[in-house]
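This report refers to the structure that appears directly beneath it.
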Amino acid sequence: ATMAAGVPLAAFAQKKKIVLGFSQIGAESEWRTANTESIKSAAKEAGIELKFSDAQQKQENQIKAIRSFIAQRVDVIAFSPVVESGWETVLREAKAAGIPVILTDRAVNVKDDSLWVTFMGSDFLEEGRKAGRWLVEKMKDVKGDVNIVELQGTVGSAPAIDRKRGFEEIIKTDPKFKIIRSQTGDFTRAKGKEVMEAFLKAEGRKINVLYAHNDDMAIGAIQAIEEAGLKPAQDIIIISIDAVKGAFEAMMAGKLNVTVECSPLLGPQLMQAVKDLMAGKTLPKRIVTEEGIFPMEVAAKEFPNRKY
Ligand code: AHR
């Protein structure tokens, strides 16, 4: 039989597992935890060796992780970039080393698109628009001002930038909609609560609507609203994004009006892309996740179907 350095070739081929280096943002939200779980279990299922690194929401840690994946000569690098900008140098290093890079969940802002192979994930701009359209419809009979406070995601991140832009694009068609406060809550419950407390202190009963860029911040804010003696989803209409189980629970308790879906279950798709890449196939540059929107009226019926 054919041998390579004393090892039969067939055995050699079988032993070579694909190695994927994945740099995750952190564990800032229920969404992110579900995303990590999806990637880990899909890698196992696909027989791909996963080198997983948690950046604790710091770009510098992600850059370090990517450099270490390059040094280890992994087959493919995938990552979910915490912010959009500042990736040129490290991505050029990966390209120079001949290691393909897949973007999952969030995009990067680089001039040279050949620095990454494909980007799979949600259309954040459209999510913002869906939130805006829901609000416009909900408030169509309201004559006076609709005062909105906004809890933004991580500063400089693709979802924070696009969800703000998409929402504004829709509500600006009617001048009665006014964003009176807008600040980051960094996609976490604790920060969402803290910033909502400050909004309530400053604006009090003037606030008609809360638009939160994710469910976790909305859930934190709900606590602040209740502690201020107000009724969430009644005194203040609340819109958020992700559609995690926690949001369904809040809707079933009558405390959240609507959540726009953003699926974290990217693991199986990512592993398929890695395999295709290693098999020499060309991947589409953009793979968009399909998503819906869930108002509180359908929460109880939909809850048993939720996977995250
Ligand atoms: O990039 C996706 C966003 O990141 C989710 O909406 C948010 O919950 C997460 O932290």
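Please treat every number below as a calculation from the coordinates, not as lab data. Only a predicted model underlies this, so the values are computations on that prediction, with no experimental measurement involved. Cβ placement follows ideal geometry from the backbone for every residue including glycine, while neighbour counts extend to all protein chains displayed.
Have a look at the DSSP beta bridges in region 184-308 and tell me what percent are antiparallel, nearest 5. The answer is about 25 percent antiparallel.
So what is the diffusion coefficient of the chain in µm² per second by Stokes-Einstein at 25 °C and 0.890 mPa s, using a Kirkwood Rh over Cα pairs?
The calculation lands on 119 µm²/s.
Highest mean packing first, where packing is the average number of other Cβ atoms within 10 Å per residue, the peptides 178-185, 287-294 line up as 178-185, 287-294.
Considering just Cα atoms, how many Å³ per residue does the convex hull of region 70-146 enclose?
Dividing the Cα hull volume of region 70-146 by its residue count gives 112 Å³.
Ranked by the mean number of other Cβ atoms within 10 Å per residue, highest first, peptides 297-303, 280-286, 29-35 order as 29-35, 297-303, 280-286. With a ≥ b ≥ c the root eigenvalues of the C-alpha gyration tensor of region 135-265, is it rounded (a/c under 1.5), prolate (a/b larger than b/c) or oblate? Verdict is rounded for region 135-265.
The reciprocal of the average 1/r between distinct C-alpha atoms defines the Kirkwood hydrodynamic radius, which for region 34-186 equals 17.6 Å. Sorted on the mean count of surrounding Cβ atoms within 10 Å across their residues, most packed first, peptides 52-58, 144-150, 236-242 read 236-242, 144-150, 52-58.
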